[in-house]
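Here the structure is laid out as structure tokens; the discussion comes afterwards.
The values are calculated or read from the model by the stated rules, or taken from the named source; none is laboratory data. Bear in mind the structure is a predicted one, so any value in this text is a computation, not a measurement. All Cβ positions, even for glycine, are placed from backbone atoms using ideal geometry, and neighbour counts span all protein chains on display. Accessible surface areas use protein heavy atoms only, side chains included; no ligands, DNA or RNA. Shrake-Rupley method; radii C 1.70, N 1.55, O 1.52, S 1.80 Å.
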Amino acid sequence: MDRNRRRSRAAITVAAVGALVTGVVVSLATTANAATTLGASAAEKGRYFGTAVAAYKLSDSTYSTILNREFNMVTPENEMKWDATEPSQNSFSYGSADQIVARAQQQGMRVRGHALAWHSQQPGWVNNLSGTALRNAMLNHVTQVATYYKGKIYAWDVVNEAFADGSTGARRDSNLQRTGNDWIEAAFRAARAADPGAKLCYNDYNTDGQNAKSNAVYAMVQDFKSRGVPIDCVGFQSHFNPQSPVPSDYQANLQRFANLGVDVQITELDIEGSGTAQANNFRTVTQACLNVSRCTGITVWGIRDSDSWRASGTPLLFDGNGTKKAAYDAVLQALNGGNPTSPSPSNPSSPSPSNPSSPSPSQSNPNPGTGGCTATVSINQWQGGFVATVRVTAGSSGTNSWSVRLTLPSGATISNAWNADRSASSGAVTFTNVSYNGKINAGQFTEFGFQSSGTAGTLTPTCTAA
Ligand code: XIL
């Protein structure tokens, strides 16, 4: 090595130490203000963090304490499936699902509906049907359930697991598939007509990396987009274990779907394992979502290891006692260091077929508040209703709490709000932060939202911070 090279390497080393020292200071500063729960941290990045919930566990206080503290999205684990909601034909039963929805609304959490049409967990009576009778029964189910929950669901898994595993890229053989290849788009159209405010997702497993199955789903989404079949999102279940590890192209796969113009969501995350190895896998998945601007959130498939459908693999973020695992720390740390989502419509991107002229989401100008925050609102309007997403950005001193006031036009009544409490459902409404999103660091933001009937027009929010 010649002298010049040696000298320049020494200079690099000094610079690197300098960077290291700066890095330490920066990371300490970040840690001091970092969000301390999964939901709060995800919300700072414009995302949600959810969990599957079982209605019968809501009375378990350890379970409920973690649920209320950590999560801002819930998916009923079994309670919205066909066998649970339509146990005999055209007779609907919503008791358990309603318990979960009510708890979510009480806590300002949103709900992912799971799942309207699926080959599994069907009620027995469906076995006696085929052809047109089965197609019509499926469409009736989609319409009835989506109508019943209209205004209360952030996103529906409209169709679950419709593609075969392996290298064929074919549809999965099922009673629903045998009603005709167009059953999937028919289900999506029925869901859009029933609840135009819900995002409509296709959800599957073994589609987490690029392979024959995910290629087939990709081609379907591309086809739906080109023909105007309503689809807003693709869910990646992400059930991993040593036989089915996190694929190395996980992020690239999320990104290629996002590039088709749909949101992507991690919908049923669990990763078997323990300790550092498991923590690293959870970190990789979390980071992948944060790196994809249209990855709108992550849902884990249960709270404690003992709540898991595969409990023996200890695949979740809390142990059986409800204690945080290394995997929890890794996820929270990744969330706290992640990039915000680029501002994108957080609501259905394709207009309702019943209202092809609905305007696309629009963003109003930032409106300086009377305190140290600003609020902007983006609206997704359809015939008869809208979803508003409000972004609260802290000024130079940050916030400990905030409120946003806006006046709804007459005829607009809020049915559902998330990530904020509201003073009223119509007219002049004040939204205040919930426990986990009052604190916003200088220049950072959080988002809350609401769904309303009527026409939004131009909403002018005023933000006040303390
Ligand atoms: C599982 C539930 O966790 C179990 O309680 C139930 O016995 C079977 O279904 N893919 C899905 C989920 O879409 O609905 C499944 O949930 C897990 C695999």
State which entries of Lys213/Lys324; Lys324/Lys439; Lys150/Lys225; Lys45/Lys325; Lys81/Lys150 exceed 28 angstrom in Cα-Cα distance in the structure shown.
Lys213/Lys324
At a Cα cut-off below 15 Å, give the aspartates and glutamates reachable from Lys199, other chains included and same-chain residues fewer than 8 away excluded.
Asp157, Glu185, Asp232, Asp263
Quick one: work out Rg over Rh on the C-alpha atoms of the chain, Rh as Kirkwood radius.
0.99
A correct Karplus calculation of ³J(HN,Hα) over region 180-196, with 6.51 cos²θ - 1.76 cosθ + 1.60, θ = phi - 60°, whole Hz and x for Gly and Pro, returns x, 4, 8, 5, 5, 5, 4, 5, 5, 5, 5, 5, 5, 5, 6, 9, x
When all C-alpha to C-alpha distances in region 180-320 are sorted into bins of 10 Å, what percent of pairs does each bin hold, rounded to whole numbers?
12, 40, 31, 15, 2
Gap separating the Cα centres of region 402-466 and region 212-250, nearest whole Å:
34 Å
Order 114-123, 149-158, 275-284 from most to least packed using the mean count of other Cβ atoms within 10 Å.
149-158, 114-123, 275-284
Could you give the length gained on full extension between Ser306 and Thr323, defined as 0.36 nm per residue of separation minus the Cα-Cα distance, in nm?
5.0 nm
Gly385 long-range amide H proximity, modeled H, under 5 Å
Gly454
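What is the chain's relative contact order, in percent, from Cα pairs under 8 angstrom and six or more apart in sequence?
14 percent
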For region 132-148, in order, what is each residue's ³J(HN,Hα) by Karplus, 6.51 cos²θ - 1.76 cosθ + 1.60 with θ = phi - 60°, in whole Hz (x at glycine and Pro)?
4, 5, 5, 4, 5, 5, 5, 5, 5, 4, 4, 5, 5, 5, 5, 5, 4
Over the chain, the sum of -39500 (n - 2.57) across DSSP H runs of at least four, divided by residue number and rounded to 500 deg cm²/dmol, gives at 222 nm -10000 deg cm²/dmol
Separation of the Thr62 and Thr36 label points, Cα + 7 Å toward Cβ, nm:
2.2 nm
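Once Rh for region 113-211 is found with the Kirkwood sum over Cα pairs, what is the Stokes-Einstein diffusion coefficient at 4 °C and 1.567 mPa s, in µm²/s?
93 µm²/s
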Highest average packing first - 422-429, 391-398, 373-380, Cβ atoms within 10 Å:
373-380, 391-398, 422-429
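Between Asp173 and Thr460, what is the FRET efficiency for a Förster distance of 56 Å, r being their Cβ-Cβ separation, to the nearest 0.05?
Result of the calculation: an efficiency of 0.55.
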What distance in nm separates the simple spin-label points at Lys225 and Tyr94, each placed 7 Å from Cα in the Cβ direction?
3.3 nm
Quick query: amide H of Val53 versus all other amide H atoms, modeled in the peptide plane; which residues come in under 5 Å with a sequence gap of 5 or more or a different chain?
Thr75, Glu77
What number do you get for region 192-267 when its Cα radius of gyration is normalised by 2.2 N^0.38 Å, N = residues?
1.12
Carbon and sulfur %, accessible surface of the chain computed with the full protein complex present, 1.4 Å
51 percent
Applied in sequence order to region 277-293, the curve 6.51 cos²θ - 1.76 cosθ + 1.60 (Karplus, θ = phi - 60°) yields integer Hz couplings, x standing for Gly and Pro, of 4, 5, 4, 5, 5, 5, 5, 4, 5, 4, 5, 4, 4, 4, 7, 10, 4
Asn241-Asn136 FRET efficiency (beta carbon distance; Förster radius 45 Å; 0.05 resolution):
0.70
